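Note sheet for the following structure.
Please treat every number below as a calculation from the coordinates, not as lab data. All values derive from a computational prediction rather than experimental measurement. Glycine gets a Cβ as well: all are built from the backbone with ideal geometry, and neighbour counts include every protein chain shown.
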Amino acid sequence: MKKQSFFAVLAVLGILCACASGGKTNTGKSGIVDLDTAIQQASKEINDSLASGTKVALLNFSSDSDVFSDYVIEEMSIALVKGKKLVVVDRKEIDLIRGEMNFQMSGEVSDESAQQIGAMLGAQAIVSGSMVNMGESYRFRTKAINVISAAIQTSSSINVKDDSQIKYLLSQGKKGSTPQTAAAKGGTQAVPAQAASGQAQPAAPAVPAYKVGDTGPAGGLIFYDKKNNSGGWRYLEAAPVEAEFQAAFIIRGTTVEGTQELIGIGKRNTQLIVEKFSQTSGEWDTAAQKADDLVFNKFDDWFLPSKAELDQMYGNLKRKKLGDFKDGWYWSSTMYSSSASNSPYAQDFRDGEINTRSYDNKFYVRPIRQVAGQ
């Protein structure tokens, strides 16, 4: 009887241990799971922790491979959509912002930038993660951040085994960028490597490399180089002085939400302003509209620089006495919006001061454009 009781106790303890494990599948020693299980567990944690109806943007996953990061984000997206609880931002919208703001899905993105991107996407929470090599295994980490408060709403850290799937995805490395040879209407167009007949065609002309201060393809000056061609552009070119003009930022005080100050965002800012003005007050003789309408040297892809882009133009051109800039205020496309203020930022090219200014001032405007690189 005592022997039977002993074995019965062992059986009960075995059941309790199994229950304590939480019923996880595909686990090995020390709680190590495969990649797909880690993705499902992390997705469930996010789904369970966020309120129903929360709009979520799966922003980035830091790893050594774009292919790996894309796989993780796509699988997490599928898992969250299947949960039918959260609203997941379409990848196409994120890719558009990613290109304009120059960040890779597999790269690091600061929480502050992530908040700004989330706000631009209309998301209430953004999800990011990373894969860290621990020697014999990997650590799979994810977190969800509230876009408004920046508070971490949930996070997870899961041990993942180094198996054939991990090795394959990580071995794919970084995706290459495809240089764009047609940066504007009237420019050259890329020639396909082979025609439909199978005959070899002439190779597309090499994309030139520029240095800050060089003359760009539209006849202006290159004032910024981000060192890669992500999003189809590498350089920013300021229009020649002949294209400069003066204009008010707004005439009737129209509120424009969602403009940002980062490098790479001026084009989107300009689009937001133009769309807002065309839908409401119909203001056309203003800084953003006139920059957007500009056609100079057959290029029509000009826009109003963001606050950070304008500051780069001041530092890399005006302070070096390049570009024939005036000693006065220049408009940016970044607005400071609050319940008490709706003021655009401008910069004084006499001393570099950046501040909000009354929107009806007729300040200088120097349009800029993005230029493809190698």
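Key figures
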quantity: Filter result (touching a residue at least 40 places away in the same chain (Cβ under 8 Å) and in contact with a Ser or Thr (Cβ under 7 Å, 6 or more places away or on another chain)) within the range 264-305; calculated: ILE265, GLY266, ASN269, THR270, ILE273, ALA288, ALA291, PHE303, LEU304, PRO305
quantity: Every residue from the range 272-299 that is within 24 Å of the chain's Cα centre (by Cα) and surrounded by 16 or more Cβ atoms within 10 Å (Cβ to Cβ); calculated: LEU272, ILE273, VAL274, LYS276, ALA288, ALA291, ASP292
quantity: Residue in the range 306-321 that is under 21 Å from GLU237 (Cβ atoms), part of a strand (DSSP E or B) and in contact (Cβ under 8 Å) with a residue 40 or more places away in the chain present; calculated: no
quantity: Filtered residues of the range 57-87 (kept if within 13 Å of GLN40 (Cβ to Cβ) and touching a residue at least 40 places away in the same chain (Cβ under 8 Å)); calculated: VAL72, MET76, ALA79, GLY83
quantity: Extreme residue, farthest from ILE117 (Cα to Cα), among residues of the range 244-283 that are part of a loop (DSSP other than H, G, I, E, B) and acidic (Asp, Glu); calculated: GLU244
